[in-house]
Every structure is written in C-alpha cells, then in structure tokens.
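Here, each number is a calculation from the coordinates, and none is a lab measurement. Since this is a predicted model, take the numbers as computed values, not measurements. When we count neighbours, we look across all protein chains shown, and the Cβ atoms used for this are built from the backbone with ideal geometry, even at glycine.
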Amino acid sequence: MTRAAVLGAGSWGTTFAKVLADAGCSVALHARRPELVETIARTRENADYLPGVRLPAAVRATVDPAEALDGADVVVLAVPSQTLRDNLAGWTPLLPPEASLLSLMKGVELGTTKRMSEVICEVTGAGADRVAALSGPNLAREIAEEQPSATVIACSDTERAELLQAACGTPYFRPYTNPDLVGCELGGAVKNVIALACGVATGLGFGDNTRASLITRGLAETARLGMALGADVTTFAGLAGLGDLVATCSSPLSRNRTFGEHLGQGMSVAEVLQITKQTAEGVKTCRSVLDLARAHGVDVPITEAVVRVCHEGESAAQMVREMMSREAKPE
Ligand SMILES: NC(=O)c1ccc[n+]([C@@H]2O[C@H](COP(=O)([O-])OP(=O)(O)OC[C@H]3O[C@@H](n4cnc5c(N)ncnc54)[C@H](O)[C@@H]3O)[C@@H](O)[C@H]2O)c1
Ligand SMILES: O=P(O)(O)OC[C@H](O)CO
C-alpha cells in the first residue's frame, strides 16, 4: 500500500488527502494547529476548510511533520506558494530520501521567479526526476464532493508520473501524465492572474463576452510566456492550460476570481485581503509572472493590468479603459 504524507491541511491539501485515501493509500495529513488535528480525529471533518465533507478512515491527521513523513513513499506539498521555501526548510531533514515530491501549488515565487518544483529541488536537494506537479481544473470543493474531474501529473520522469497517477486515480478523479513540467506549472500559476481579471470584469457587471475575451487572450499570453520558458505549447490546450483557465475564470468557487470580483465592485485590495481567509495565489504571483515575462521580453498585457490594479492603485474602471485602448494588432 502506498504511504502518502500531505503537508498542508487547507482546502486542497485536505481534499487531496481524501482523494489519495479513496485511491487506496494510507495518508498522514499534517496540519499546523493541534485543535484542527483534534477536530479532524474526533469528527472526521475539516470544518474550517471543507465543512460537510467526511474524511475516510485512512486519513490520519497529525500536528507532527516527522510523524507524517515517517516512511512516506509520496510527499504532497499543499501550502501557499510564497511560504513553501520556509516550510521546506523545516521539513527537509525529515524527508525520506527516495520519496516522490508532488507539488499541488499554483504560484511563482516572488523575488526569485522560481516555479514551485524549482524551489523544491533547490531547498531539498532532490533531483528533478523526483519532483512532480499536479495541476488541472480542480476546484477543491467539487472534488471533495466527488464530482468527476481530470487533472495532470507532470514529471520529467514518466515512470514516476505513472506511479503517482496510479496512487491518486479514483472513479471521480482521473489523472493524466505529461512530461512538460514547465508548461503545467506555468498554466496553473498564470490562470490565477487571469481569473483575477475575469473577477474584476464580473464585479464591474460585464458578462460572458468579456470573460471569454479575457480567457482567450489570457491563454495567448500564457502560451507566449510558456514558449519563451521552453514549455510545449500543446500543454496550454490541455487540462493544465485551457481546462484550469476555464474552470477558474468561470467558477464562483474560485478564490482568485472572487477576489477580483470584490475589486470590480469597488473594494480596495486591503479590504478584500481582510475578508479573504484562504490563499488567492494570483495576487502575489501576478508580480512574479510580470517579472518573468519582462526578463524574457514577453508581452503580457492582462498580467500587467492585474499588477496595476492589485499593487499600483489603479481602479478597475481605468484598467478596462487602458486594456481596450491598446494599440490595434493582428490576433
Ligand atoms: N483550493 C483549491 O481548490 C485548489 C485547487 C488546486 C490547487 N490549489 C493550490 O494549492 C495550494 C494550497 O491551496 P489551498 O486551497 O489548500 O490553500 P488554503 O489557504 O486553503 O490552505 C493553505 C494551508 O497551508 C497551511 N500553511 C502552512 N504554512 C503556512 C504559512 N506559513 N502561511 C500560511 N499558511 C500556511 C495553512 O495552515 C493551510 O492549511 C495553492 O497554491 C493553491 O493555488 C488549490
Ligand atoms: O480557488 P482558486 O482560485 O485558488 O482556484 C482553485 C483551483 O486552482 C482551480 O483549479
């Protein structure tokens, strides 16, 4: 039986622990707060993040990362992207040397512009063949409710990707493999930025034409950046590209889209941050994506607009005026 450790007991970490258990793994779920661990043990529910979802008996919550990691074949990382480096500093000495390291995170590190798999390799010293990323149209709540969906497991080592695929496939969760780690991670990170823009449009009262335009042009800028970074362009037509972009930009369950919607309705970034309890990765990752794009000479106008609104005080209405008055060009 595969032994998995899931580090991070937020929405996605908890949901993925359930997926792994439903796929037949024995799962240790590491949470930081002892009271949450106690509640999960007593009620079989993580009421803070997934109220109403019963966790299988094969999920064991623990506050002790050493206990979670002891003997793990698969280590799943499910914390906010911007805290991963610090989290890993504490966990690295406890990692079993042969374990696969699977990132669930969708962000790019501020300052370094590194993807999560790059941060994992750098901090842990693990070879690239041990590190994988899972990405796709995977809104946690829907998966926790066992609504069918698909995803991608990206790893340069195809055999390892296939082992991970077998470890987390269930009748409601269908993983595909893809060797293009760069494209899959970038698709997951940039879609959060485009979802913020779609949220702003929704908050301003605009409808499906506006959202579809943003999704399509958002995909174009993601693919341009991806190609500059060496990704396979076909990845962006897949689940980790278009699939995730459509789900996130369309769903009221998305924290990024919801964040943008509040901005479009006239709230300030500080006000939205105050009422946002979970991670909306795009708010910080938009800056890293813009840095990455500038370093590679890639034009990313939607990302630029999101950075102006989130970090430079531009209003939602001004953002729309500026985007619609850009110089005319061929598609
Ligand atoms: N929720 C989803 O639907 C979903 C789906 C796919 C991918 N993701 C990605 O998975 C990652 C985790 O998302 P999530 O939804 O579980 O987030 P969340 O905000 O629900 O939970 C984050 C978890 O990380 C823990 N954590 C550990 N160290 C932390 C620190 N230093 N600061 C703050 N929190 C810390 C928190 O306690 C919490 O349990 C993100 O990159 C997100 O983009 C989320
Ligand atoms: O709630 P969001 O915006 O973080 O999106 C969740 C997932 O990434 C959707 O695939």
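A few comments on the model shown:
- When the Cα convex hull of the range 192-323 is projected onto planes of every orientation, the mean area is 7.3 nm².
- CD proxy at 222 nm, helix term only [per DSSP H run n ≥ 4: -39500 (n - 2.57); per residue of the chain; nearest 500]: -14500 deg cm²/dmol
- nm² value of the averaged projected area, convex hull over the Cα atoms of the range 3-179: 9.0 nm²
- Values of log10 I(q)/I(0) for the chain across q = 0.07, 0.09, 0.16 Å⁻¹ run -0.26, -0.44, -1.36, by the Debye formula with one identical scatterer at each alpha carbon and no solvent.
- Under 5 Å from the amide H of Val76 lie the amide H atoms of Ala5, Val6, Leu7, Leu102, each residue being 5 or more positions distant or on a separate chain, with H modelled from the backbone and absent for Pro and chain starts.
- Karplus-derived 3J(HN,Hα), 6.51/-1.76/1.60, for each residue of the range 92-98, Hz, glycine and proline x: 3, x, 9, 6, x, x, 9
- 3J(HN,Hα) from dihedral phi, the range 191-199, Karplus parametrisation 6.51/-1.76/1.60, rounded to Hz, x for glycine, proline: 4, 5, 6, 5, 5, 4, 5, 5, x
- Residues whose amide H falls under 5 Å from that of Thr177, counting only those 5 or more places apart or on a different chain, are Ile153, with hydrogens built in the peptide plane.
- Basic side chains Lys and Arg get +1 at the Cβ, acidic Asp and Glu get -1 at the Cβ, and with that the dipole of the range 265-311 about its Cα centre reaches some 100 debye.
- Within the range 113-205, the ratio Rg/Rh, alpha carbon atoms throughout and Rh by Kirkwood, equals 1.04.
- Förster radius 22 Å - calculated FRET efficiency between Arg217 and Glu312, Cβ distance, rounded to 0.05: 0.60
- If R0 is 25 Å, the Cβ-Cβ spacing of Arg326 and Ala295 corresponds to a FRET efficiency of close to 0.70.
- Dipole size of the chain about its Cα centre, with +1 on Lys/Arg Cβ and -1 on Asp/Glu Cβ: approximately 520 debye, rounded to the nearest 20.
- Note, ³J(HN,Hα) from phi for the range 142-153, Karplus 6.51, -1.76, 1.60, rounded to Hz, x at Gly and Pro: 5, 6, 4, 7, 6, 6, x, 7, 10, 8, 10, 10
- Rh by Kirkwood over Cα pairs, then Stokes-Einstein D for the range 181-261 at 1.306 mPa s and 10 °C, µm²/s: 130 µm²/s
- Label-to-label distance, nm, for residues given as Ala57 and Phe206 (7 Å Cα→Cβ offset): 5.3 nm
- Cysteines in the chain lacking a second Cys C-beta under 4.7 Å: Cys25, Cys121, Cys155, Cys168, Cys184, Cys286, Cys310
- Full extension of the chain between Glu271 and Arg42 gives 78.9 nm of extra length, using 0.36 nm per residue less the Cα-Cα distance.
- Taking the average, over residues, of other Cβ atoms within 10 Å as the packing measure, peptides 194-203, 5-14 rank 194-203, 5-14 from highest down.
- Under the simplified labelling scheme, the Leu253-Val233 pair shows an inter-label distance of 3.3 nm, with each label point 7 Å from Cα along Cα→Cβ.
- Shape summary of the range 1-81, radius of gyration then Dmax from alpha carbon positions: 11.0, 31 Å.
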